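To start, the structure itself, in structure tokens.
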Amino acid sequence: MTDLQNAGRYYWHYLKKYWFGFLVTIVLISISTACIVIAPTYLGRAIEELTQYLQLWTNPATRPQDSFGAFHTTLWIYLALYLGDASSIFISSLVLARITAYSTGTMRVGLFRKMQRMQVRYFDAHSDGDILARYTSDLDNIFNALNQALIEIFLSVAQFIGLLIVMFAQNVTMALVTMASTPVALVIAAYVMKKAGTAVNRQQDDIGQLNGYINEQITGQKMIITNGLQQDSVKGFTRYNDRVRSSALSGQIWSGILNPLMQGMSLLNTAIVIFFGSWLALNGSLSTGAALALVVVFVNYAQQYYQPIMSLTSLYGMIQLAITGARRVDEVRNQPDEVNPADGLPLNGIQHDVQIKDVHFSYNPGKEILHGVSITLHKGEMVALVGPTGSGKTTVMNLLNRFYDVDSGAITIDGTDIRRFDLHALRANVGIVLQDPQLFTGTIADNIRYGDPTAAMDRVIDAAQQANIHDFIMSLPQQYETTVSDEQNIFSAGQKQLMSIARTILTNPALLILDEATSNVDTVTEANIQAAMDNVMQGRTSFVIAHRLKTILNADKIVVLKDGTIIEQGNHHELLEENGFYAELYHNQMVFE
Amino acid sequence: MKTLLPYIRRYQKDAWLATLAVVALVFATLWQPRLLQTVMDAILRNDKTTVWQEGIMLIALALLGIAAGIVNTVYSARVALGVATDLRADLYRKVQTFAYADVEKFSASNLVVRMTNDINQVQQIVMAGFQQVSRIPLLFAGAFILAMMTMPEQWWVLLMMMAIIVIVSLFSFQRMGKYFAQTQQDIENVNTIARENLMGIRVVKSFVQEPNEIKKFSRASDRLTDVTAKIGYLFAILMPVFFLTANLAIVLSVYLVGQSITAHPAYLAAIVSFTSYLMQILFAVINGGFMMTFASRAIISLGRIGAVMNTTPSMTYVPANDDIQVNGDIAFEHVTFTYPGDEKPTLQDVSFSIHSGDMLGIVGATGSGKTTLALLIARLFDPDSGVVKIGGIDVRQLPEKTLRDTIAYVLQRSALFSGTIAGNLKQVQPDATLPQMKWAANVAQAAEFIDRLPQTYNAPVEERSSNFSGGQKQRLTITRGVIADPKILILDDATSALDARSEKLVQEALDRELKKTTTIVIAEKIASILRADKILVLDHGRIVGSGTHHELVRNNAVYQEIYQTQKAREEGLA
């Protein structure tokens, strides 16, 4: 139920400004429905008039007064009704197509805008695939529902109501006959849909397991081949595949049978109406013409009668998906934004120092990661953070440019809490080189000037030179205009890292944070990257998160973190003399003669 | 279609029943107006007996329609599921005969898509095929013929209606095709930007580029929105035009009936059935159009499945032969190897040999060919030229089973399969006993944490072994590697997540417990291969140095460069 409420709130938010369009649509659809349900009566009347004409004509006495006048008028009205139907459907479809396209467009951009404002916490807690699915399948489901279901629902409901009104106006007995089979049809539909629900769930579970198995096995194919496990793998597969065979069969049958059943019910209903209608015609007090007309009109209604029920049941799945989709997108919309102080202070470089003061931090309440960490970094100094995986090194980086905020304690720049600075000013002063050098689609030049899109070419080249990547770029056929995209992997991890370093150099940040590249590159490439990093750090205040100690031997200060606490602090020599954790780490990593 | 037909033939009986049911269903649908005409005629003549008879017929016909609908669904589903599961099974078996190069050629994720999504597409189209596709032409032809039989004079009304519908469809489907292609492109652009921003959210935020990214995304999204709206407008025209055309035809034919009513009084009763047939023709054309777009997707899927089925495995093995026994000697003789699709060879003129029970270390920069060399030993690829020998025999002359039993390959980023630890070990050594498992785990330094698990060797392993840490994963895969006491053990960067102490313990245990096993260690860390009997230094696919650590440190430039970056530098510090 809350799903429905959330979805309702979501659609209301995005659709309310189209109220006029919806109003027009509803009016037009009412008109079209009126035309459609009234039209058959004119077909009936035309037949009735023809019958009369024929009767008058057959009798020589009445033949002279016979005329087509009434018949032709009826046909003109009949024609006008269909024109009215077609034009009102056309205009309302046009309006709805516009609303659907533009409202989904607004939703898409809205989702993206929201994403840009959201806290990093959300992205860390959700997989990329899961968030991306909100752009693809969820928005798609919403679009499909708006595009098809919306007009169908309007139409079906209007048609059903209109049909009931007209039928009862025409002939109460026949209207009741036409409706007689409805309870049976509804019971069948409800039963089949319930069956289909469970059968399809079971089918999806089994298919999910099968797909999981296939994925695991085929991705591990090297392992299967090197161990000669192909037969085993097929055996396992067959088990899952056979399970899918039986469960998907019932899923397919139950979900596929509703439509033919309803079509069959429609046939049966028409037969019943014909049967009763003709019985009524022959045993009632109606004239032949009127009786014929009655049968014709109600046959028409009987054929139309099941259409709304059929479209609504076939839309059921689509609507279900759209509700889920709206819930999932709405969930993002309700995430907290990043906190940017209302009158944030400006920040122009570092004058004295950056201090981390007794910082406690936890990603999840109750599971503290940093237990009172204090580090002081003077202007122009390089401080290295080392420690085993999970010690909290990366967490410190996350706090420095406020991807996350501290639980208690504070981080200050020249004595001012970083939470008091304008968020964007703070980040403009803090440059980060990440472990995984994410580049963006565009040219190399675009990527290097990413932080300052207006930067002139000579600044781009200068940054590339400092990052030791200029020569490589010049060796490419299109040089700085070479396109970077995720499809073409023409750059190695090391080259991408160098480009990301150039990108950071160009923005000339006051405080630099380097999260070192690790095992993706070999030690020789690493030495190259190291040289580029040394260039960047020249004369800058910097924090280095080190994975290989080789790179930080020259640091002014090395801070050893373990389990969220600083256990050792000092320069390389001091720490080696201490002969503690750092010394052991160092001996483990290095080769000794 | 060539891919699909043999599978449908396996379910011939079901397929025929489904088709028969379709015929019955179409008959019921089309015959009803016919009976209605007779009834109307009877009302005109005040003929009660006929009305009764035909009334009963009508109900019987409707019941036939319902029954036919059910039978059709059930048997269509049987064919669809049968075809899909069989096709998937054959596809899977086929892939299991692939050489590694074949898997690489398609890429693993691509093969998975073919076995899941593509098969699903095929299943849907087969289902729809037996439910709808056969029905549409039948309905169309049936309705057309019956309409002509009902009022032969009005043939031109029918033709005119169809001509208008076909012309309008052709015109709009052509435009729509263009727009749909445009949509695909726009969707891709939008998704690319979204994905990049997701993966690089920290970059975007730290460079304060949110406004620019929003601008970029809005531009791409607006283009998509505009095309979507255009498609919507086209559809908004299309449907009313179709129905209006059919309704105009109806009005016209009623008018014509009126004009000639004195010549053909019987047509009075035929109007309703004639209009019903007109509507059936219209529905058949519309559904046919939808089916066509639907089918085109399935045909692409079928093509992709066919491509896998028609691939001949690029590697064959000599028949199994228990007489062939090999030891752990390995020799490369002038081996050159190029990856399919590459221009430059990855390995060039590589020659070396190593004796049973020795340890071989391989070092070199990323991309120097270390892993490729190991892959050739395990015959995941065959060399372009030169020979790889195990126990003095060309690996191409060894039966698959012999080869696999001889070599255990522990991969760089391999994981156990989901199941249990014991299950994974038994895959390699089906009759492994608990003491054997314990022995292997001890060698791999895995025993200490396995023993602490509540279910020890029966502990569950999740997908991608995600319930174990990096170091534990590596120790588990080494356990799996040694359980069968192989003659050759390849450790491809298999200890990178282990600390120096554990790594040393593993190596000592290998020395002690697997004395006869030839061990090949590929590593980034020189420390991992210090103890090797022989170290190969690879650079751009060539062996540029070979010898022990002490020899190489003295006389090999490439080795020295690598060593320099890892050597402890006590002297010369600031």
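Quick look at the numbers
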{"read-out": "Residue in the stretch B:16-32 that is modelled with pLDDT of 85 or more, surrounded by fewer than 18 Cβ atoms within 10 Å (Cβ to Cβ), under 29 Å from B:M309 (Cβ atoms) and touching an Asp or Glu at 6+ places or on another chain (Cβ under 9 Å) present", "value": "no"}
{"read-out": "Looking only at the stretch B:369-397, and only at residues there that are surrounded by fewer than 23 Cβ atoms within 10 Å (Cβ to Cβ) and in a loop (DSSP other than H, G, I, E, B), the one that is nearest to the other protein chains (Cβ to nearest Cβ)", "value": "B:L380"}
{"read-out": "Residues of the stretch B:305-322 that turn out to be surrounded by 18 or more Cβ atoms within 10 Å (Cβ to Cβ) and closer than 21 Å to B:V133 by Cβ, as a count", "value": "1"}
{"read-out": "Checklist (1) in a helix (DSSP H, G or I); (2) over 34 Å from the mean Cα position of the chain (by Cα) applied to B:M292, failing item", "value": "(2)"}
{"read-out": "Considering residues of the stretch B:182-208 that are within 18 Å of A:L111 (Cβ to Cβ) and either touching a residue at least 12 places away in the same chain (Cβ under 8 Å) or not in a helix (DSSP H, G or I) (or both) only, the residue nearest to the chain's Cα centre (by Cα)", "value": "B:I187"}
{"read-out": "For A:I91: the one exception among (1) among the aliphatic types (A, V, I, L, M); (2) crowded, with 17+ Cβ neighbours inside 10 Å; (3) more than 7 Å from chain B (Cβ to nearest Cβ); (4) within 27 Å of A:A7 (Cα to Cα)", "value": "(4)"}
{"read-out": "Some residue of the stretch B:431-449 being surrounded by 16 or more Cβ atoms within 10 Å (Cβ to Cβ) and touching a strand residue (DSSP E or B) at 6+ places or on another chain (Cβ under 8 Å)", "value": "no"}
{"read-out": "Cross-chain or 6+ apart pairs with Cβ under 8 Å, the stretch B:1-26 first and touching a residue at least 40 places away in the same chain (Cβ under 8 Å), then of a type in the set (D, E)", "value": "B:Y7/B:D86; B:R10/B:D86"}
{"read-out": "Any hit, the stretch A:112-124, residues being crowded, with 21+ Cβ neighbours inside 10 Å, modelled with pLDDT of 85 or more and in contact with a helix residue (DSSP H, G or I) (Cβ under 6 Å, 6 or more places away or on another chain)", "value": "yes"}
{"read-out": "Scan of the stretch B:95-111 for residues that are among the hydrophobic types (A, V, I, L, M, F, W, C) and either facing another protein chain (nearest Cβ under 10 Å) or more than 16 Å from B:F381 (Cα to Cα) (or both), ordered by number", "value": "B:V95, B:F98, B:A99, B:V103, B:F106, B:A108, B:L111"}
{"read-out": "Residues of the stretch B:325-347 that turn out to be in a loop (DSSP other than H, G, I, E, B) and not hydroxyl-bearing (S, T, Y), as a count", "value": "11"}
{"read-out": "Unique residue being under 22 Å from A:L315 (Cβ atoms) and either without any contact (Cβ under 8 Å) to a residue 24 or more places away in the chain or crowded, with 17+ Cβ neighbours inside 10 Å (or both) when the list is A:A169, A:A189", "value": "A:A189"}
{"read-out": "Only listed residue being more than 14 Å from chain B (Cβ to nearest Cβ) and at pLDDT 80 or above, chosen from A:V544, A:V536", "value": "A:V544"}
{"read-out": "Any hit, the stretch A:70-78, residues being among the polar types (S, T, N, Q) and either within 10 Å of chain B (Cβ to nearest Cβ) or more than 33 Å from the chain's Cα centre (by Cα) (or both)", "value": "yes"}
{"read-out": "Hey, A:I356 in a strand (DSSP E or B), in contact with a helix residue (DSSP H, G or I) (Cβ under 6 Å, 6 or more places away or on another chain) and buried (at least 21 other Cβ atoms within 10 Å of the Cβ) or not", "value": "no"}
{"read-out": "Residue tally, condition within 14 Å of another protein chain (Cβ to nearest Cβ) and without any contact (Cβ under 8 Å) to a residue 40 or more places away in the chain, over the stretch A:349-389", "value": "1"}
{"read-out": "Sole residue being charged (D, E, K, R) and closer than 30 Å to B:P340 by Cβ, chosen from B:E54, B:E104", "value": "B:E104"}
{"read-out": "Count - residues of the stretch A:163-190 that are under 15 Å from A:Q307 (Cα atoms) and outside any helix (DSSP H, G or I)", "value": "1"}
{"read-out": "Residue count for the stretch A:99-131, restricted to those that are under 20 Å from A:N141 (Cβ atoms) and part of a helix (DSSP H, G or I)", "value": "20"}
{"read-out": "Residue in the stretch B:181-198 that is away from chain A (no Cβ under 14 Å) and either in contact with a strand residue (DSSP E or B) (Cβ under 7 Å, 6 or more places away or on another chain) or more than 30 Å from A:F123 (Cα to Cα) (or both) present", "value": "yes"}
{"read-out": "Tally, over the stretch A:218-264, of residues that are at the interface with chain B (Cβ under 7 Å from one of its Cβ atoms) and part of a helix (DSSP H, G or I)", "value": "27"}
{"read-out": "Filter pass, B:T49 being hydroxyl-bearing (S, T, Y) and either more than 26 Å from A:F276 (Cβ to Cβ) or at the interface with chain A (Cβ under 10 Å from one of its Cβ atoms) (or both)", "value": "no"}
{"read-out": "Odd one out for B:E508, checked against (1) within 22 Å of B:K426 (Cβ to Cβ); (2) charged (D, E, K, R); (3) away from chain A (no Cβ under 13 Å)", "value": "(1)"}
{"read-out": "Single match in B:D222, B:D226 (criterion: among the acidic types (D, E), surrounded by fewer than 19 Cβ atoms within 10 Å (Cβ to Cβ), at the interface with chain A (Cβ under 7 Å from one of its Cβ atoms) and in a helix (DSSP H, G or I))", "value": "B:D222"}
{"read-out": "Residue ID - surrounded by the fewest Cβ atoms within 10 Å (Cβ to Cβ), chosen from residues in the stretch B:112-140 that are more than 9 Å from chain A (Cβ to nearest Cβ) and farther than 26 Å from A:I257 by Cβ", "value": "B:V113"}
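Conditions (1) without any contact (Cβ under 8 Å) to a residue 60 or more places away in the chain; (2) closer than 19 Å to B:V395 by Cβ; (3) in a helix (DSSP H, G or I); (4) not hydrophobic (A, V, I, L, M, F, W, C), marked per residue:
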residue	(1), (2), (3), (4)
B:A298	no, no, yes, no
B:S301	no, no, yes, yes
B:V308	no, no, yes, no
B:T312	yes, no, no, yes
B:M315	no, yes, no, no
B:D323	yes, yes, no, yes
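The values are calculated or read from the model by the stated rules, or taken from the named source; none is laboratory data. All figures in this text were calculated on a predicted structure; none of them were measured in a lab. All Cβ positions, even for glycine, are placed from backbone atoms using ideal geometry, and neighbour counts span all protein chains on display.
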